[in-house]
Amino acid sequence: MDTIASLFSFITWPVSWVIVQFHKLYGAIFGDDTGWAWGLSIVSLVVLIRICLIPLFVKQIKSTRNMQVLQPKMKAIQERYKSDKQRQSEEMMKLYKETGTNPLSSCLPILAQSPFFFALYHVLSAIASNKKIGVIDQSLLDSARQAHIFGAPLAAKFMNSSAEVSALGASLTDVRVVTAVMIVMMSASQFFTQRQLMTKNVDLTVKTPYMQQQKMLMYIFPVIFAVMGINFPVGVLVYWLTTNVWTMGQQMYVINQNPTPGSKAQDQYLTRLLKSVTAHGEVRGRTRRNTVKRIVAKGPDRNDIERKFVTGLAKLGLAPQEDGTVGKSDTAAAEAEGGAAQRRQQPKRQTKAKRQTGTAQAGGKDTDSTETGSKTSLQKQDEKPKPAGKPASGSSRQAKSGQRKGPQRPKHPSKK
């Protein structure tokens, strides 16, 4: 880890400068040598970095959604060019270019944070070794070494020996308890972030290998962070825990305000939007109007959740407009009521077993009446006078096989 951190030593100066500036601010409030002053300086560093990375986060969301949409097409390309890897790669790149998708965009926030993360690790390692680094001079170095967070020094690690922890003015028990709790919180926040992404913000109508990969990462990432966390100084654990909580909150906001089409989150969002329109009779908020615009623009390509929302508006006598508002529409209400009436009038289709059971019961009940009716009809037929010169009705049925029914032609004299 120290070797990797040294590769990013070029950025240690700006990172140490930012920390020192925040330390001056919080030192005036909590005291220069307190853990609050140094801990909040690290937290503020994370917040500043994450604010600067918001544009990359937006690109990450778009790229992730595009990758979800393209998964069926990508799978078809892989099946079609299974034996030609070069052609498969060419078709994949062509698909990415046509749709404007960059697979690496989903990793941009993590990649952009990496230099700052390793630079902070390098700074804290220097503090633990009592070495000057960046803009941190000897007085700031002594102040940072005295700072403790719940009894654990900023530069202490879970795997430190008792002698190393004693040199920083703390006990090994305090360090391991604090670091263990922070590692568990860091892993739990990572798991919850990935879980809410999988359970709420994934298009449930598309089953692709991408979803299985994300599900595996949901369990693998927390384990990786837990294993790596035992080698992180307390200050780095503060940094990583803060960035995980920021990511979780940022993602929760995106899921609630701009969910993935076809996901459970979209169903919940449009349900809340329909309730708001029912209460106020209009679409309130620019974000919600943009959502309605997108639904109107899709036309017949809407998913089931969006059709349900449009149907709910129609029952209220409203129809979504192209500008994102809703307007009164008697036609939409009539169509919604007519469709509901037709669905109510349509009888339910019985199963084959029920139809057979009903037929058998009906046949059993009507057997006696049928037999009685047939006897009566036969008696009436016998009482009717038979017209002269006409054969009986049963004579044609009793004709020999091979003979034509009805009156026979006379045979030719030569054949008599």
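The values are calculated or read from the model by the stated rules, or taken from the named source; none is laboratory data. A quick note: this is a predicted structure, and the numbers were derived from the prediction, not measured. Using ideal geometry, Cβ is built from the backbone for each residue, glycine included, and neighbour counts are taken over all protein chains shown.
Given the condition farther than 25 Å from residue 261 by Cα, surrounded by fewer than 17 Cβ atoms within 10 Å (Cβ to Cβ) and either assigned by TED's automatic domain parsing to the domain that holds residue 241 or among the hydroxyl-bearing types (Ser, Thr, Tyr) (or both), answer yes or no: does some residue in the stretch 52-68 qualify?
Yes, the conditions are met somewhere in the stretch 52-68.
Quick one: in the stretch 15-47, which of the residues that are of a type in the set (Gly, Ala, Ser) and assigned to a helix (DSSP H, G or I) is surrounded by the most Cβ atoms within 10 Å (Cβ to Cβ)?
Only one residue tops the list, namely 41.
Looking only at the stretch 135-174, which residues are closer than 17 Å to residue 236 by Cα, of a type outside the set (A, V, I, L, M, F, W, C) and more than 44 Å from the chain's Cα centre (by Cα)?
145, 146
Please state which one of 242, 271 is in a helix (DSSP H, G or I) and touching a helix residue (DSSP H, G or I) at 6+ places or on another chain (Cβ under 6 Å).
Only one candidate passes the filter, namely 242.
Could you go through the stretch 136-146 and let me know if any residue there is surrounded by 16 or more Cβ atoms within 10 Å (Cβ to Cβ) and either touching a Pro at 6+ places or on another chain (Cβ under 6 Å) or closer than 27 Å to residue 247 by Cα (or both).
no
Name the single residue that is surrounded by the fewest Cβ atoms within 10 Å (Cβ to Cβ) among those in the stretch 274-296 being under 23 Å from the mean Cα position of the chain (by Cα) and of a type in the set (D, E, K, R).
Restricting to residues being under 23 Å from the mean Cα position of the chain (by Cα) and of a type in the set (D, E, K, R), the top hit is 275.
From the list 260, 287, which one is touching a helix residue (DSSP H, G or I) at 6+ places or on another chain (Cβ under 9 Å), at pLDDT below 90 and either within 25 Å of residue 70 (Cβ to Cβ) or of a type in the set (Lys, Arg) (or both)?
260
Determine whether residue 202 is among the aliphatic types (A, V, I, L, M) and modelled with pLDDT of 80 or more.
No.
If I ask for residues that are closer than 17 Å to residue 262 by Cβ and touching a residue at least 24 places away in the same chain (Cβ under 8 Å), which ones from the stretch 305-324 would you list?
305, 306, 308, 309, 311
Could you check residue 141 against (1) assigned to a helix (DSSP H, G or I); (2) in contact (Cβ under 8 Å) with a residue 40 or more places away in the chain; (3) in contact with a helix residue (DSSP H, G or I) (Cβ under 7 Å, 6 or more places away or on another chain) and say which number it fails?
Only one criterion in (1) assigned to a helix (DSSP H, G or I); (2) in contact (Cβ under 8 Å) with a residue 40 or more places away in the chain; (3) in contact with a helix residue (DSSP H, G or I) (Cβ under 7 Å, 6 or more places away or on another chain) is unmet by residue 141, namely (2).
Working only within the stretch 15-26, note down all residues that are without any contact (Cβ under 8 Å) to a residue 24 or more places away in the chain and of a type outside the set (D, E, K, R).
21, 22, 25, 26
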